[in-house]
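Following: one structure in structure tokens, then a few remarks.
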Amino acid sequence: MTYTLSAPVAGPLLLPKRALALLLLAAIVAHAPAVAAQDPPPAPGAPAVETVDVRGERPPASRSGSMSREEVRQLPGAFGDPFRAIEVMPGVTPVFTGLPFFFVRGAPPGNVGYFLDGIRVPLLFHVGVGPSVIHPALIRRVDLYPGGYPARFGRFAGGIVSGETALARDEVHGEGNLRLFDAGAMVETPFADGRGHALVAGRYSYAGALLTLFSPDTSLDYWDYQARVGYKVTPDDELSVMAFGSHDFLGQKTPTENITLFGTDFHRVDLRHDRRLSRGGAIRTGVTLGEDRSRLRDDRFVRDRLVSARSEWTQPVSRKVTVRAGTNARADSYEVGLLTGVLPPSTANIAELFPSRTDLAVGVWADASFEVLPRLEVTPGVRTDLYASQGTAAVGVDPRLAMITEVTDKVRVRSAMGVAHQPPAFVVPVPGFQPGGIRGGLQKAVQESLGVEVDVASGTTFSLTGFHNGFFDMSDPLGAAPQETGGCPPGAFPAGSIAGDRVRDPTGTTRCLPRFPAGTIGPDRTGGGGQGAESNTSRRIEEVFEVRSRGRAFGLEVLLKRKLTKRLGGFVAYTLSRSTRATAARTYIASFDRTHVVHGALAFDLGKNVRAGARVTFYTGLPKAPDPTDDATRLPPFFRLDLRLEKRWRVGERAWISVVAEWLNATLSKEAVATTCTLAGCQSQLVGPVTIPSLGVEGAF
């Protein structure tokens, strides 16, 4: 089957059972998080900086490659969204082209946290392959920490994506864009002689109307909003409030009913106080109220009402020593009206994972940066978090250590290591979906990396990084689908396998089914590897989400980048990696392991304010079978080409307007997601092409 997107949304999606089981939640959620504090708050009145790297600030050793917002504007396939730079960074492995979920250095999507100004957000992108839930004009900086992150981040045993909002400006300004599938705008103005500022922004999609031309039975809707007001009560004190939220809906019409495939909303209101201290210090305190809601049908939903409080303190003690510390507390009240007795018996028990309850998490952290030698900076840190859910409590103690050595003015060596804990997680980040209790204990990750960074020339850098992560008691039903547990011997499907494994007979007795090699015919005549039709016995699907495994990921990351805003700019990002999962019985390749992931882009100035760009993406296929010794048993690789062309006109001294044509997957490439076997033989199951041609107008003043 082919499904084509002329707007950022997937049409009806038909997958084989193995692929459907692995991609179901990701596919319907679509659109590349517990609570951490953000970077130290900037001094009030500091000038706005649109680049990712603040002038004069040494980036943390654990931070991956970065791009400025203006560079992301020139990145084909990113549609101008700063958060889109995440998907091209080394160490990031896509689950499926177009979906905003990633394995970061082997950590599953549910273990990757998303934050905006230290505020946890449940997702970054709208449904389908839509834009980010925050207007690009509001974003000043986006950091990707693939592992060994600073102590201010925690409660996630994978990567961290941290966004910072732009600082207020002392002049009226705004941005807007109008595209085939949505429109967005941002306006900000100072008031009270510059002591205050107010901002409003938002985006609304009319892609649903366009989508009906290609898929009349599919409904789509999304929108988002942002508002911020700040006021300097003294030269050193500022009070501000920021509210933002997002809505997504994806539905399917059938002859008998209208089905909600995916419907989510989240809202945040954050009240904060920033105070500038002597000698360059700063302190921020904030309180956040929020609500997350997901709806799969009108009578099935989960909702999380939350309140959190945080404090962040930064103080330079001397020219060579800076101390940072903070606290964070969060309470989540979950209400569940989902997965009731109307469901088939085989899935009804999954409701036990998401009960109505109140969860609590409290944490403290501290670190300090020491300039031990003129060219050596060491940053030790530690954070401790207490988790409580359904009468069960657990404590995670996470030490961290980072070092930066300046070998020369142009060569730096960066190393980072640390431990990270996280409660059990859902498959992918979905608003309101957090397993209740702490079944099986906390997840744990031990992360380490060592790399060298070289300034090759003006605006051009090269980095080479090796990493190794170890995972323990990990929640990863996507990567650990073939895990063997529960007494199933080698050669049998295990408990927790997504595709027909251990089953319970009518008496409740557990038994194991024989394992058939990938590509062979099973007893149901639909293929080996558990791709057969669901057994009539009441398999407990909830075991998929409770499965725990050990894991390991190691690899090499390469990034050669010349700023995309140069007359001729571009980058090559390459990740060579291997991710494995293990049980007491065996070790095998993770279901979503991709040996090679390559991104390359060129952006060039054609003159007369015309810029063009092209980007290629290539990655090797998923493993067909969990055999760590045979890389030949993989699905076909995937390749796509993205294109961008822009013509800009200046209007006066400050304003500009441009016409932008962009095309994600101009090659109309399809991606193999599984192997389907019948009596006639086996063949790869292809999905796609996932493609988005876009034509729009952008402007700013």
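The values are calculated or read from the model by the stated rules, or taken from the named source; none is laboratory data. Remember, predicted model here, so these are calculated numbers, not experimental data. All Cβ positions, even for glycine, are placed from backbone atoms using ideal geometry, and neighbour counts span all protein chains on display. In case anyone asks, the SASA skips ligands and DNA or RNA and just uses the protein heavy atoms, side chains included. Shrake-Rupley method; radii C 1.70, N 1.55, O 1.52, S 1.80 Å.
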Point to revise | Given (1) of a type outside the set (Asp, Glu); (2) part of a strand (DSSP E or B); (3) open to solvent by 20 Å² or more (accessible area, probe 1.4 Å), number of the condition residue 302 does not satisfy | key: (3)
Exercise for review: May I ask you to list pairs of residues, at least six apart or on different chains, whose Cβ atoms are under 8 Å apart, with the first in the stretch 165-183 being among the polar types (S, T, N, Q) and the second being open to solvent by less than 20 Å² (accessible area, probe 1.4 Å) and in a loop (DSSP other than H, G, I, E, B)?
Suggested key: 165/117; 177/80
Review point. How many of the residues in the stretch 572-602 are part of a strand (DSSP E or B), open to solvent by less than 60 Å² (accessible area, probe 1.4 Å) and among the β-branched types (Val, Ile, Thr)?
Key: 5
Exercise for review: Would you check if residue 673 is hydrophobic (A, V, I, L, M, F, W, C), part of a strand (DSSP E or B) and touching a Lys or Arg at 6+ places or on another chain (Cβ under 7 Å)?
Suggested key: no
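Would you say residue 202 is farther than 30 Å from residue 451 by Cα, modelled with pLDDT of 95 or more and more than 15 Å from the chain's Cα centre (by Cα)?
Taking the combined requirement at face value, the residue satisfies it.
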Revision key, fill the gap. A careful count of residues in the stretch 83-121 that are outside any loop (DSSP other than H, G, I, E, B) and under 19 Å from residue 560 (Cα atoms) gives 7
Practice item. Among what's in the stretch 550-571 and is in contact with a Gly (Cβ under 6 Å, 6 or more places away or on another chain) and either assigned to a loop (DSSP other than H, G, I, E, B) or farther than 18 Å from residue 104 by Cα (or both), pick the residue that is least open to solvent (accessible area, probe 1.4 Å). Key: 566
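Table: residues versus (1) at pLDDT below 95; (2) farther than 30 Å from residue 463 by Cα; (3) among the acidic types (Asp, Glu); (4) touching a Gly at 6+ places or on another chain (Cβ under 7 Å).
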residue: 346; (1), (2), (3), (4): yes, yes, no, no
residue: 353; (1), (2), (3), (4): yes, yes, no, yes
residue: 372; (1), (2), (3), (4): yes, no, no, no
residue: 383; (1), (2), (3), (4): no, no, no, yes
residue: 426; (1), (2), (3), (4): yes, yes, no, yes
Check your understanding: If we keep just the residues of the stretch 630-646 that are open to solvent by 60 Å² or more (accessible area, probe 1.4 Å) and assigned to a strand (DSSP E or B), which is nearest to residue 688 (Cα to Cα)?
Key -> 639
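Which of the residues spanning the stretch 435-478 are in a loop (DSSP other than H, G, I, E, B) and open to solvent by less than 50 Å² (accessible area, probe 1.4 Å)?
435, 436, 437, 438, 441, 442, 459, 476, 477, 478
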Point to revise | Search result, residues across the stretch 99-111 that are open to solvent by 10 Å² or more (accessible area, probe 1.4 Å) and among the aliphatic types (A, V, I, L, M) | key: 99
Review point. Is it the case that the stretch 663-683 has a residue that's closer than 19 Å to residue 71 by Cα, modelled with pLDDT under 95 and open to solvent by less than 70 Å² (accessible area, probe 1.4 Å)?
Key: yes
Exercise for review: Look at the stretch 248-274 and say how many of its residues are at pLDDT below 95 and either among the polar types (S, T, N, Q) or within 19 Å of residue 137 (Cα to Cα) (or both).
Suggested key: 6
**Study point:** Selection within the stretch 684-701 - among the aliphatic types (A, V, I, L, M), in a strand (DSSP E or B) and closer than 30 Å to residue 70 by Cα
**Key:** 692, 695, 697, 700
Revision key, fill the gap. Selection from the stretch 561-619 of residues at pLDDT 90 or above and among the small types (Gly, Ala, Ser) yields 569, 570, 573, 577, 579, 600, 601, 603, 607, 612, 613, 614
Review point. Looking only at the stretch 151-188, which residues are aliphatic (A, V, I, L, M), over 22 Å from residue 246 (Cβ atoms) and open to solvent by 10 Å² or more (accessible area, probe 1.4 Å)?
Key: 167, 168, 172
